[in-house]
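Single-structure report; data block below.
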Amino acid sequence: MSRVASIPQQLQAARDQTLRLCARVNEVDFRRQVHREFSPIGWHLGHIGVTEAYWVLQQCQGEPTLSAAYDRLFTPTDTPKPERVHLPARDEILAYLGAVREQVLNFLTDGGCDPGHPLLRDARIFNMLLQHEEQHQETMSLILRLLTAERYDSPPPAVLAEGWSRPERNERPPHSSPPPRGERGIAPPSGQAMIAVPAGPFVMGSDDIAHTLDNERPQQEVFVPAFLIDRHPVTNAEFLSFVAGGGYHQRSCWGAEGWRWRAHSEVEHPLYWRRHGGGWVEIGLYGSAPLPPHHPVQCVSWYEADAYARWLGKRLPSEEEWEKAASWDPERAEKRPYPWGGREPDPSTCNCDAAGEGTTGVGQHAAGCSPYGCEDMLGNVWEWTATWFQPYRGFAAFPYEGYSVPYFDRQHRVLRGGSWATRRHVLRPTFRNWYQPWVREIFAGFRCAKDL
Ligand code: AVJ
Ligand code: FE
């Protein structure tokens, strides 16, 4: 969605996608917590509505709440995760979302909206809400994938619940991508070709209050020593050589915490890989398909990414290194809005917006490369960085403490770049995502770096 589109149009487009995602689950899965770290899809739906109502109707318009019960149920600090399964009927939540949205649109068009209000200047609260809804969409997408994997792994019940269909095991999904062109075989143990980024300053973060979130600000000049970085995210074929080479059981590849996690979790391969007939398949949205060798590896924890990098004598990039490699134009000494320039993302530059409902092979977005020559910096998979999520110097919480501050706790690592499921408003080189290092349900991969 282009930034020139009007706010009502952008809100509508975001909502259409939310509703499409919700429509993919039956009533049972709508309210089921499929994984302890993630609330049910239906909870995300209500939470999107409550958040919109809170910021626009209550904070900006000064109206009373439409439902104190919904506020309680769908506010994370008021209702702990295990209790988020007690949800109203889907149609009732949908009606609530519709009522909120109608009042929001009336507020926008009736002129009751004071553009001088600190939350409304440059439509900043709407841009925040669009990013909020789109981030929850990505969480819904990962829940859908968890549900698919659950069906793949468990024998179907004797009596299928309504809306359940038996998974067709190990068949190519109807929408799977074509086989990658140009087989390159298994990567040598040195990994892929790397790009040199010379030492020097660059501009990190943003001062665009209307379109960024608080943790990306303020913009600052940062000096980055010379480093090497992978041209593209680490592929399944590359990661397979780590798996097949016994990397998961090689102590020297792992940090102390990662090694404990590995032993306790008994993880031996990325989340959606399954052994099949002497090879590997990957579980996707529609079932399983042969592991695509030249797609980025996805759904690995920070620990697994870190171990792979150590295995090659490399490391993960810091977020400064990542952002410089993604957005700095050394010739013009200028930061680019996107790695490729100012044009809005499209299928030639990156894989985003869930367009293909999965990863694409590396090398398919050469038109989207950064000035240094890195590809797939935006879209395809989120990329783990070495950096703990911490505030930049001069950070100021906006519009509330709870968005970023509780996560500046040295328990969360920064991810950059967005995935195939990330939508436009969230996709930019300065955006900072964060998760705990053991989380592997998100669409996260990585690329390696090295000192020069
Ligand atoms: C930045 C994706 C980790 O979903 O927990 C949504 C974003 N914050 N609602 C999350 C967020 C409040 C957040 N992540
Ligand atoms: Fe939220």
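Measuring from label point to label point, each 7 Å out along Cα→Cβ, what is the GLU92 to GLN220 span in nm?
A separation of 4.8 nm, rounded to one decimal place.
With a Förster radius of 35 Å, plug the Cβ-Cβ distance of GLU331 and VAL405 into 1/(1 + (r/R0)^6) and report the FRET value to the nearest 0.05. Don't jump to the answer; show the numbers that get you there.
On the way: r = 38 Å, r/R0 = 1.08.
The value I calculate is 0.40.
Please provide three numbers in whole Å: the alpha-carbon extents of region 257-388 along the principal axes, with the largest listed first.
50, 35, 21
Quick one: if you stick a label point 7 Å off each Cα along the C-beta vector at LEU66 and SER6, how many nm between them?
With each label placed 7 Å out from Cα toward Cβ, I get 2.1 nm.
Please name whichever of TYR96, PRO118, HIS86 sits farthest to the positive end of the charge dipole of region 62-145, dipole taken about the Cα centre and charges placed at Cβ: Lys and Arg +1, Asp and Glu -1.
Of the candidates, HIS86 comes out farthest on the positive side.
Starting from region 33-121, pick out the trypsin sites (Lys or Arg not before Pro) whose DSSP state is loop and whose Cβ has at most 10 other Cβ atoms within 10 Å.
Working: sites: ARG36, ARG72, ARG84, ARG90, ARG101, ARG121; in loops: ARG36.
For trypsin sites (Lys or Arg not before Pro) across region 33-121 that sit outside H, G, I, E and B with at most 10 neighbouring Cβ atoms in 10 Å, the list reads ARG36.
Using a cut-off of 14 Å between beta-carbons, work out the net charge of the residues near GLU268 (Lys and Arg +1, Asp and Glu -1, GLU268 not included). Write down the numbers at each step before the final one.
Working: positive: ARG262, ARG274, ARG275, ARG440; negative: GLU266, GLU304.
Around GLU268, the surrounding residues sum to +2.
So if I restrict to the alpha-carbon atoms in the chain, what is the Rg, and what is Dmax, the biggest pairwise distance, in Å?
22.0, 65
Where in the chain are the DSSP H helices whose C-alpha atoms run 24 Å or more along the long axis and whose mean Kyte hydropathy is at least -1.0? Let's see the in-between values first.
Working: long enough: 90-109 (28 Å, 0.28); 124-153 (44 Å, -0.49).
Qualifying helices: 90-109, 124-153.
Student exercise: in the chain, how many lysine pairs 8 or more apart or on different chains have Cα atoms under 21 Å apart? List each step's numbers first, then the result.
On the way: LYS314/LYS324; LYS314/LYS450; LYS324/LYS335; LYS324/LYS450.
Summing the qualifying lysine pairs gives 4.
Could you give the length gained by full extension between GLN436 and TYR392, i.e. 0.36 nm per residue of separation minus their alpha carbon distance, to one decimal place? Before the final figure, lay out each step's value.
Values: separation 44, 0.36 × 44 = 15.84 nm, distance 1.91 nm.
My answer for the length gained is 13.9 nm.
In debye, nearest 20, what is the charge dipole magnitude of the chain about its Cα centre with +1 on Lys and Arg Cβ and -1 on Asp and Glu Cβ, if you could check? Present the calculation step by step, with values, prior to reporting the outcome.
Values: 47 positive and 55 negative charges, 220 e Å.
With only Lys, Arg, Asp and Glu charged at Cβ, the dipole is about 1060 debye.
Give me the distance between the Cα centres of region 217-294 and region 379-452, rounded to whole Å.
Between the Cα centre of region 217-294 and that of region 379-452, the gap is 17 Å.
How about region 393-452: which trypsin sites (Lys or Arg not before Pro) there are in a DSSP loop, with at most 16 other Cβ atoms within 10 Å of their Cβ? Write down the numbers at each step before the final one.
Working: sites: ARG393, ARG410, ARG413, ARG416, ARG423, ARG424, ARG432, ARG440, ARG447, LYS450; in loops: ARG393, ARG410, ARG423, ARG432, ARG440, ARG447.
The qualifying sites are ARG393, ARG410.
Classify region 353-452: rounded, prolate or oblate, from the alpha-carbon gyration tensor (a ≥ b ≥ c, eigenvalue square roots; a/c under 1.5 rounded; otherwise prolate if a/b is larger than b/c)?
On the way: a/c = 1.76, a/b = 1.56, b/c = 1.13.
It comes out prolate by the Cα gyration axes.
Which of the listed residues, ALA210, GLY258, GLY279, is farthest toward the dipole's positive end in region 205-292, when Lys, Arg count +1 and Asp, Glu count -1 at the beta-carbon?
Final value for the positive-end residue is GLY279.
Run lengths n ≥ 4 of DSSP H only: what is the helix-derived mean residue ellipticity at 222 nm for the chain, with -39500 (n - 2.57) per run over all residues, to the nearest 500? Each step should come with its number before you reach the end.
Values: 10 runs with 126 residues, N = 452.
Counting only the DSSP helices, I get -9000 deg cm²/dmol.
Could you tell me the calculated FRET efficiency between HIS249 and LYS81, based on Cβ-Cβ distance and R0 = 45 angstrom, to the nearest 0.05?
Values: r = 33 Å, r/R0 = 0.73.
Plugging the Cβ-Cβ distance into 1/(1 + (r/R0)^6) gives 0.85.
Eigenvalues of the Cα gyration tensor times 5, then square-rooted: what semi-axes does that give for region 180-291, in whole angstrom, largest first?
Numbers: eigenvalues 232, 75, 72 Å².
Over the Cα atoms of region 180-291, the semi-axes work out to 34, 19, 19 Å.
Take the eigenvalues of the Cα gyration tensor for region 224-267, scale each by 5, and report the square roots as semi-axes in whole Å, largest first. Don't skip to the answer; put the middle values down first.
Working: eigenvalues 113, 53, 16 Å².
Over the Cα atoms of region 224-267, the semi-axes work out to 24, 16, 9 Å.
With point charges of +1 on the Cβ of Lys and Arg and -1 on the Cβ of Asp and Glu, referenced to the Cα centre of the chain, which listed residue (GLY417, GLY373, PRO40) lies farthest in the positive direction of the dipole?
Value: GLY373.
Given the Cα-Cα distance of HIS276 and SER190 and 0.36 nm per residue of separation, how much length would full extension add, in nm?
Working: separation 86, 0.36 × 86 = 30.96 nm, distance 2.73 nm.
Result for the pair: 28.2 nm of gain on full extension.
Using a 10 Å cut-off around each Cβ, can you sort GLU221, GLU375, GLU323 from fewest to most neighbouring Cβ atoms? Mind dumping the intermediate values first?
On the way: GLU221 9, GLU375 25, GLU323 28.
Fewest to most other Cβ atoms nearby, the residues stand as GLU221, GLU375, GLU323.
What is the order of SER327, SER206, fewest Cβ neighbours within 10 Å to most? Walk me through the intermediate numbers first.
Details: SER327 25, SER206 19.
Fewest to most other Cβ atoms nearby, the residues stand as SER206, SER327.
In the chain, what % of DSSP beta bridges are antiparallel (nearest 5)? Write down the numbers at each step before the final one.
On the way: 32 of 34 bridges.
Beta bridges within the chain, antiparallel portion: roughly 95 percent.
No lab work stands behind these numbers, since they all come straight from the coordinates. Keep in mind it's a predicted model, so treat the numbers as computed, not measured. A quick note on method: Cβ atoms are made from the backbone with ideal geometry, for glycine too, and the neighbour counts reach across all protein chains shown.
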